[in-house]
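Notes for the one structure printed next.
The values are calculated or read from the model by the stated rules, or taken from the named source; none is laboratory data. Treat the numbers as computed from the prediction; the structure is a model and nothing was measured. Counting neighbours? That spans all protein chains shown, and the Cβs are built from the backbone with ideal geometry, glycine included. Just so you know, the surface numbers come from the protein's heavy atoms only, side chains and all, with ligands and any DNA or RNA stripped out. Shrake-Rupley method; radii C 1.70, N 1.55, O 1.52, S 1.80 Å.
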Amino acid sequence: MSIIPNSKQSKGHSFVVASGHRLASLEALKVLKSGGNVVDAAVTGAAVLSVVLPYACGLGGDVYILFRDASTGRVHGLNGTGCAPSRTTEDTFGSNLPRRGINSATIPGMVRGWDDALSRFGSKKLGPLLQPAIEYANSGFAAHPAYISNTLANFDLLKQNKYASEIFLPDGKAHRVGETVRQPSLANTLRQIAKNGVDEFYNGETTRLIVEDVKRQNGLLTLEDFKHHTSLWQNPISANFCGYDVVTMPPNSWGITLPLQLIELEAQNITNCDPSDPEFMIRGFRARQIAYKAVANYIGDPSLTEAGAMEILHQAVSGTTLRHDINKDMPKESRGSDTSNIVVADEFGNAVSLIQSISTPYGSGVVAGDTGVLMNNRMQGFTSNKESRNCIGPSKRPAHTLAPALILKNDEFYMSLGTPGAPGQTCTMAQFLTRVLGYGEDMSNAVLAPRWSVNFKGEPIVENAISKKFLDNLKVANSRFYSEEVGWISFGSIKAAVLKQGKLSGVADGRRVADTLGY
């Protein structure tokens, strides 16, 4: 039996940051202390995460950002995900969609997403906010266990690419704990973006270097693909749960399954269930099944899916049951399996939930030329089924597991929330919110509670911190339940900031590298 690692908590602050690495939280807090706002701080922290968690996120990846503006009370949603190359067709890869290598990469949307968020809601320019990330890329960061374990797990992949190997496998070996990881080429790319603006990445010398390397490897991405990439501003979606409004992103994010699960849990009278009883997990998994099946055909490029998904959510909110879908096969789970996130909030109710990823750990495995940019492998988010709205096609956005969340109470800010965890993201947040909003548990206790999730087949798993008797009782109700290590990918790592009585508290889930700071 494994022990759930202790979470970190900060209390009684005017500003709070929680993120996937202490350095990111530290630099984001510095921005707040120097007069920057929550969007400025989130972008700085996100940029640092892209350096110190290179296996999880980076300039070659994507981002979603939710921002609540206290001056208006509105929540805004930015979709910073990239499209498939314009030369891609339904038949380009047949039934074998690329999982790794240069053709597994969509257009990276993260850098444009950061800049668009700053242009609309930030108080500072991108250049100055990138300086901490530049420093950590140039001078290096200390190799931590999560970095090392992910590097070792992808050793053969990284070894195949000259530039990736030079960075992450110096002298043909993985770094040891505490050794300095330097990324000078990435530092130079960040400097050029800071100096020349976001067009450096999408229509500049950096673009040319990336595309030249793509062409050398017979890849599909072109200069025109980068040049024409744009972010999407989308209206966030929400549903009420236990008197709170839970807000997240619409498709192509799977975020819609969070409110759908919570609606179903409330219909199942989940707050009348003892959270220490196996029935809590059984009802949670049932709610997830119903939610995922209900929208399985409506997660993909927003132009093809958003309207249909919204209609399903409206039906659920109005009380129309979704349970007739329970006997259908579960939708195929997304294969994206590593991510990082940051939440930032201030005492006035301004808040950000930002989540970013390159999909699978180390993405495509390809660092594009001498840029230090590790390309994503988000093409695996598509399907090859031509009947599906999420079928691969030219300039389409694929389905994403990334799902940021904000929680409101009577239209006022209450919580900023997010977690990595692949297909487990929304069920991790659903059980956390059930404990905090439904049962009134303290955030730190809710984070430490044993957690259930799903594997990549959609089957139920539970942390092996639970007792054998508990697992046996689960199996009586559903024989498919089995245990996995506490740190397994789908159990996630909650980051949250809560505003109560004018003061903020933060929590960072110890299941992964994470930290929270405030002042």
* To do: Go through 338-344, 121-127, 200-206 and give me the packing order, highest mean Cβ count within 10 Å leading.
  => 338-344, 200-206, 121-127
* Excluding same-chain residues fewer than 8 positions from Lys396, which aspartates and glutamates have a Cα within less than 17 Å of its Cα? -> Asp62, Glu90, Asp91, Glu224, Asp225, Asp301, Glu306, Glu387
* Structure fact -> accessible surface per residue for the range 8-93, probe 1.4 Å, DNA/RNA/ligands not counted, whole Å² -> 26
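For the range 208-250, what is the relative contact order in percent, using Cα pairs closer than 8 Å and at least 6 residues apart in sequence? List each step's numbers first, then the result.
Values: 27 pairs, mean separation 10.5, N = 43.
Computed over the range 208-250, the figure is 24 percent.
Once the Cα gyration tensor of the range 69-118 is found, what semi-axes does its equivalent ellipsoid get, as square roots of 5 times the eigenvalues, in whole Å, sorted largest first? Could the numbers behind the result be given before it?
On the way: eigenvalues 226, 25, 15 Å².
Its equivalent ellipsoid spans semi-axes of 34, 11, 9 Å.
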* Structure fact -> Accessible-area order for Thr257, Thr180, largest to smallest, probe 1.4 angstrom, reads Thr180, Thr257
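Considering only protein heavy atoms and a 1.4 Å probe, what is the carbon-and-sulfur percentage of the accessible area of the range 17-67? All intermediate terms of the calculation are to be shown ahead of the outcome.
Details: 470 of 820 Å².
On the range 17-67, the fraction of accessible area on carbon and sulfur atoms equals 57 percent.
Leaving ligands, DNA and RNA out of it, report the carbon-plus-sulfur percent of the accessible area of the range 349-417 at a 1.4 Å probe.
Numbers: 570 of 1520 Å².
About 37 percent, which is the carbon plus sulfur part of the accessible surface.
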* Using alpha carbon centroids, what distance separates the range 72-139 and the range 393-461, in Å? -> 22
* Restraint check, Lys162/Lys227; Lys469/Lys500; Lys227/Lys409; Lys33/Lys409; Lys11/Lys195, Cα-Cα greater than 31 Å -> Lys469/Lys500; Lys227/Lys409; Lys11/Lys195
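At 1.4 Å probe size, put Phe348, Phe491 in order of accessible surface, largest to smallest.
Working: Phe348 140, Phe491 0 Å².
The most accessible residue leads, giving Phe348, Phe491.
Leaving out ligands and nucleic acids, note down the accessible area per residue over the range 411-519 with a 1.4 angstrom probe, in whole Å². Display every interim value, and only then the final one.
On the way: 3530 Å² over 109 residues.
Value for the range 411-519: 32 Å² per residue.
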* Structure fact -> Once the in-chain neighbours fewer than 8 apart are removed, the lysines whose Cα is under 29 Å from Lys475 read Lys293, Lys328, Lys332, Lys457
* Asked: What ranking do 136-147, 294-305, 105-116, 243-254 get when scored by the average of other Cβ atoms within 10 Å per residue, highest first?
  -> 105-116, 243-254, 294-305, 136-147
* **Proximal aspartates and glutamates relative to Lys159, as straight alpha-carbon distance under 14 Å, when same-chain residues fewer than 8 apart are discounted** => Asp171
* **Ordering of 387-395, 409-417 by packing [mean C-beta count within 10 Å, highest first]** => 409-417, 387-395
* **Answer label for Rg/Rh (Cα atoms, Kirkwood Rh) (calculated), chosen among (i) 0.98; (ii) 0.94; (iii) 1.04** => (ii)
